[in-house]
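Trainee: Input: one structure, supplied below.
The values are calculated or read from the model by the stated rules, or taken from the named source; none is laboratory data. The structure displayed is predicted, hence computed values, not measured ones. Here the Cβ is made from the backbone with ideal geometry for all residues, glycine too, and neighbour counts use every protein chain on show. What goes into the accessible areas is simple: the full protein's heavy atoms, side chains included, and nothing from ligands, DNA or RNA. Shrake-Rupley method; radii C 1.70, N 1.55, O 1.52, S 1.80 Å.
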Amino acid sequence: EDFWVAPGGGNGTAVQSSRLGAPQFQGFSGTSQAAPQIAGLYATAKSVDPALTVNDVTNWFIGNAGVNVPMTTRTGAPLNFNLLRIRLPALP
């Protein structure tokens, strides 16, 4: 089973999101910001090739865009595992 992380987990990885009022954008973090990014990547892949399975897309991400991110506690203490962060290759 694969787990993915995306920006929005704190430590300077806030996602700039639009909001009502001023300022128009604000940095937010947490799963409410990260989950739509992962879902959007899967939806984009499926729109390119509807025959792709979840495993096909996951395997492509692992082989082409998976970056190991060491996990730490809120105080910065290292944990004994890494999670993958998606970093898509630069588009021309």
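Trainee: Could you grab the pairs with beta carbons closer than 9 Å, sequence gap of 6+ or different chains, first residue in region 47-74 and free of Cβ contacts under 8 Å to residues at least 24 places away in the same chain and over 24 Å from residue 29 (Cβ atoms), second one open to solvent by 70 Å² or more (accessible area, probe 1.4 Å) and hydrophobic (A, V, I, L, M, F, W, C)?
Mentor: Here the result reads 52/60, each pair linking region 47-74 to a residue that is open to solvent by 70 Å² or more (accessible area, probe 1.4 Å) and hydrophobic (A, V, I, L, M, F, W, C).
Trainee: So, one more: If the requirement is being surrounded by fewer than 11 Cβ atoms within 10 Å (Cβ to Cβ) and either under 16 Å from the mean Cα position of the chain (by Cα) or at pLDDT 75 or above (or both), which of these qualifies: 76, 40, 9?
Mentor: Selected residue: 76, the only one of 76, 40, 9 that is surrounded by fewer than 11 Cβ atoms within 10 Å (Cβ to Cβ) and either under 16 Å from the mean Cα position of the chain (by Cα) or at pLDDT 75 or above (or both).
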